[in-house]
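Each remark here refers to the structure printed beneath this line.
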Amino acid sequence: MKRIYLDHAASSPLSKAALEKMLPYLTENYGNPSAIHAFGREARRGVEEARGTIADVIGAHPDEIYFTSGGSESDSWAVMEGSRAKDRRMHVITSAVEHKAVLNSCRALEKQGFRVTYLAPDADGVIPANAVRDAIGENTGLVSVMTANNEIGTLQPIEEIGEICAERNVLFHTDAVQALGALPIRVEKMGVHLLSASAHKFHGPKGVGFLYIRRGVKLQSRIFGGQQEHGRRAGTENAAGIVGMAAALREAEDRREQNCAHMRFVRDAMLCFVMREIPGAHLNGSFTKRLPGNLNLRFDGIDAQALIMRLDMAGIAASAGSACMAGAVEVSHVLRAVGLDGDAAASSVRLTLSADTTLEEGLEAVRVLKENVFSMRLLCPSP
């Protein structure tokens, strides 16, 4: 049985370029990057070269890149400490469709006396820039709106929001975990002060990410210990993971246009098949303002969890939403926020592609999807 992986939004396979870059730092250049001997200097050289590569890709300065354990840590750091960067401003603005790393950080801030505004999206999942403008008050210190949604793939008007935040002297953070490698990311053009990223979303290793912190932004540490990362993030740097992340990002950026064109072609062919062949199928999110490799579909009268198990048995990996919510009883907060009721949200499946997903794989996956949707409806017909 051929296996087809369509859950790249949850995690992507490690690229060959990243693996090759990492191997010497796992076998030869294994010194602590903070050590002053030759082993340590070799590791430090790799870390700093990676910092420069990442900065170049996103249009930042190397000293604005801080390495973390991944997207959740970067989001938490940005929100929890970015909210305190503007003295005595106790109001934070975010959206109802953010990743749980942002939403749960905001919930923690509320317990500490902060006021948080959760902006509602439109039916496609877009946060109107004017809604951000209207929500900003004299006490607003931070706005956090993701670049692209991890469940329905919707793209947000980040540059417009960045301009508004600049006008109002408010810090702006964006979770770019799903966007990096798939969209052109230039921090100055976007107008962001803080940007989160995670390597394993663009074919880098798991357990490593970074936070961009614009020069002049006073963000306090959340992990205390040594003086690593300019004294802002203690802990021995994951040299192998860092160099792998930089190699994967460089490769993703260099091939971004051709990769995205391929993913859009396969995605759109899959969508056409589904809409033509499966009655009661619907696309969640925007038809146009979405990530190139994202399909979030709902099927009337179908339980998504049961469908995903059937797909898995047929060798096809899909999901019902964010992998971070696996095992949760409640349905997707993103789908509820865009106006779907519980039944509709619970009938939604996410298929996410990579540049390596072939047209044949995509069409085979939706053919199997069709068979199982029809089979489930025969077994449990809707009233």
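Based on C-alpha pairs under 8 angstrom that are at least 6 apart in sequence, the range 234-318 has a relative contact order of 21 percent.
By the beta-carbon count within 10 Å of each Cβ, the least crowded to most crowded order of C260, C272, fewest first, is C272, C260. Residue pairs exceeding 32 angstrom between C-alpha atoms, taken from K111/K289; K289/K370; K111/K218: K111/K289. Under the combined filter of DSSP loop state and at most 16 neighbouring Cβ atoms within 10 Å, the range 75-147 retains these GluC sites (Glu not before Pro): E138.
Sorted ascending by nearby beta carbons within 10 Å, beginning with the fewest, Y30, Y66 become Y30, Y66. Taking every DSSP beta bridge that has both ends in the chain, the antiparallel portion is near 50%.
In this rough spin-label picture, where each label sits 7 Å from Cα along the Cβ direction, the Q220-K100 distance is 2.7 nm.
Stretching S34 away from E257 to a fully extended chain increases their span by 76.5 nm, per 0.36 nm per residue minus the current alpha-carbon distance.
Compactness of the range 4-64 is given as radius of gyration and Dmax, 14.8, 47 Å, from Cα positions.
Exposure proxy shown here: for M309, M190, the number of other Cβ atoms within 10 Å sets the order, fewest to most, as M309, M190. Only one of (1) 1.07; (2) 0.99; (3) 0.96 was calculated from the structure for Rg/Rh (Cα atoms, Kirkwood Rh), and its label is (2).
Taken one residue at a time, the phi angles of the range 134-142 give Karplus couplings (6.51, -1.76, 1.60, θ = phi - 60°) of 5, 7, 6, x, 4, 9, 7, x, 8 Hz. Gly and Pro are set to x.
Name the GluC sites (Glu not before Pro) in the range 178-237 that are in a loop by DSSP and that have at most 14 other C-beta atoms within 10 Å, would you?
Those that pass, being in a loop and sparsely packed, number zero.
Please give me, ordered by residue number, the chymotrypsin sites (Phe, Trp or Tyr not before Pro) of the range 212-268 that lie in loop per DSSP and have at most 10 other Cβ atoms within 10 Å.
Passing both the DSSP loop test and the Cβ count: F224.
Each peptide in 290-296, 147-153, 195-201 was scored by the mean count of other Cβ atoms within 10 Å over its residues; highest first, the order is 195-201, 147-153, 290-296.
The spacing between the range 336-383 and the range 62-78, judged by their C-alpha centroids, is 34 Å. Among I4, G235, I164, which residue has its Cα furthest toward the positive end of the charge dipole of the chain, with +1 on Lys/Arg Cβ and -1 on Asp/Glu Cβ? Comparing the listed Cα positions along the dipole, G235 ranks first.
Would you give the gap between the C-alpha center of the range 224-272 and the C-alpha center of the range 13-60, rounded to a whole Å? Here the two parts' Cα centres lie 14 Å apart.
No value in this document is a laboratory result; all are computed from the given coordinates. Being a predicted model, the structure only gives us computed values, none of them experimental. FYI the Cβ positions are ideal-geometry reconstructions off the backbone, even for glycines, and counts take in every protein chain you see.
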